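Okay, so here's the structure we're looking at.
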Amino acid sequence: MPSMAGRRGVNPGWRDPSHDEDIARLHAEGKGRNEIARELELSSSVVSYSAKVQGLKFDGSQVLMATEVRRREAQDRRAILSVALLDDVEKLRERLFAPLKYTQYGGKNFERRDDLLDQPMPQDQASLARSIGMLLDRAIKLDEYDKVGATLDDAYNFLDGVQIVIRGEVVPIKELGAADDGDDRTEQ
């Protein structure tokens with residue numbers, strides 16, 4: 001008989017009753033639906049239907065356990081990312097009041113002029129302060145994610161915020177996840 005594995009459009013109700021015995025035996029050995037399908041070269045839908053007809057049930061605990069492992073791994077990754085964001089905040093904070101070399105070109109002969117300032121110019125300090133604030137906000141929201149069981153949308157919103165900071169885009173404050181206080185100003 002030709003293999004059913006990987007075939008699309010196969011009616012899941014179709015089955016060859018000659019496979020029922022093999023499916024029941026492998027199920028009794030504790031093998032899962034996908035493992036049985038691979039071993040017998042059948043589609044998982046055919047194995048599922050055959051098991052249903054025979055009154056066999058597959059143990060979903062392995063799926064639940066694998067899901068829990070992935071959830072915990074994601075939680076660990078978020079914790080690492082949160083620490084990295086705080087490291088970035090510290091680096092930017094150090095630059096906020098550190099001496100800075102400015103290079104300018106100008107004049108009739110388009111001459112280069114280097115100036116060493118005690119700290120960045122006010123507009124540059126304001127830009128650094130906004131970036132620090134956004135990164136700090138994202139680190140806090142990332143920590144809150146695991147505390148309150150946030151949704152997948154919250155995770156996507158967080159990652160969008162990180163991209164905004166990295167690219168230095170101009171976005172309305174509301175889109176950065178700030179509380180809606182009626183202020184429609186734009187962050188730059």
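Return the FRET efficiency for the residue pair residue 79, residue 130: r is the Cβ-Cβ distance, R0 is 35 Å, and the value is rounded to the nearest 0.05. Mind dumping the intermediate values first?
Details: r = 25 Å, r/R0 = 0.72.
Taking R0 as 35 Å, the efficiency between residue 79 and residue 130 is 0.90.
Arranged from highest to lowest average of other beta-carbon atoms within 10 Å per residue, in what order do the peptides 40-48, 66-74, 27-35 appear? Could the numbers behind the result be given before it?
Numbers: 40-48: 20.4, 66-74: 10.6, 27-35: 13.9.
Averaged packing, sorted descending, gives the order 40-48, 27-35, 66-74.
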Under the Karplus curve 6.51 cos²θ - 1.76 cosθ + 1.60, θ = phi - 60°, whole-Hz ³J(HN,Hα) for the range 103-114, x wherever Gly or Pro sits:
10, 10, 10, x, x, 4, 9, 6, 7, 8, 9, 9
Just tell me which lysines come within less than 22 Å, Cα to Cα, of residue 141; anything on the same chain fewer than 8 places away is out.
91, 174
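Since every read-out is calculated from the coordinates, none of them should be taken as a lab result. Fair warning: this is a prediction, and the values are worked out from it, not measured in the lab. A quick note on method: Cβ atoms are made from the backbone with ideal geometry, for glycine too, and the neighbour counts reach across all protein chains shown.
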